[in-house]
Amino acid sequence: MTWNYRIISHPSWDMRDEKGARVYRIHEVFSDESGIVGYSAQGCEPYGETQEELVRDMHYMSLALEKEVLRVEDLPTTKFGE
């Protein structure tokens with residue numbers, strides 16, 4: 001199994017009056033040879049135990065900006081970290 005950061009769009013419950021409103025978060029997405037098998041339940045924040053680790057993590061998150069945005073409705077229901 002592998003993982004990477006991806007942007008996932010979610011329906012916005014805070015803007016109920018705005019039909020189709022969505023929010024976007026970066027998540028860890030887990031895949032195997034069959035495709036996406038799950039994702040982190042909560043959006044991620046950059047993290048590092050050193051400044052260098054933080055910069056590296058932010059770089060990995062920035063790579064998600066180059067990939068297609070995923071819709072939570074299209075993903076498996078498996079969420080990690082709930």
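The values are calculated or read from the model by the stated rules, or taken from the named source; none is laboratory data. These numbers come from a predicted model, not from an experiment. No Cβ is skipped: glycine too gets one built from the backbone with ideal geometry, and neighbour counts run over all protein chains shown. Side chains included, ligands, DNA and RNA excluded: accessible areas come from the protein's heavy atoms. Shrake-Rupley method; radii C 1.70, N 1.55, O 1.52, S 1.80 Å.
For the chain, the longest principal axis of the C-alpha atoms and the axis of helix 51-63 are separated by about 40°.
I'd like the carbon and sulfur percentage of the solvent accessible area for the chain, probe radius 1.4 Å, heavy atoms only, ligands and nucleic acids excluded.
Numbers: 3040 of 6150 Å².
Of all accessible area on the chain, carbon and sulfur atoms account for 49 percent.
Using a ≥ b ≥ c from the Cα gyration tensor of the chain (square roots of the eigenvalues), is it rounded, prolate or oblate, where a/c under 1.5 gives rounded and otherwise the larger of a/b and b/c decides, a/b for prolate? It comes out oblate by the Cα gyration axes.
Solvent exposure of the chain, expressed per residue, is 75 Å² of accessible area, with all protein chains present and a 1.4 angstrom probe. Taking Tyr60, Tyr47, Tyr24 in turn, the Gaussian network model of the chain (Cα-Cα springs below 10 Å) assigns the largest fluctuation to Tyr47.
Largest GNM mean-square fluctuation across Ser40, Ser62, Ser12, computed for the chain with C-alpha springs under 10 Å, falls on Ser12. Accessible-area rank, largest first, for Ile8, Ile36: Ile36, Ile8, with all protein chains present and a 1.4 angstrom probe.
Put a dot 7 Å past the Cα of Val72, heading toward its Cβ, do the same for Val23, and the two dots end up 0.8 nm apart.
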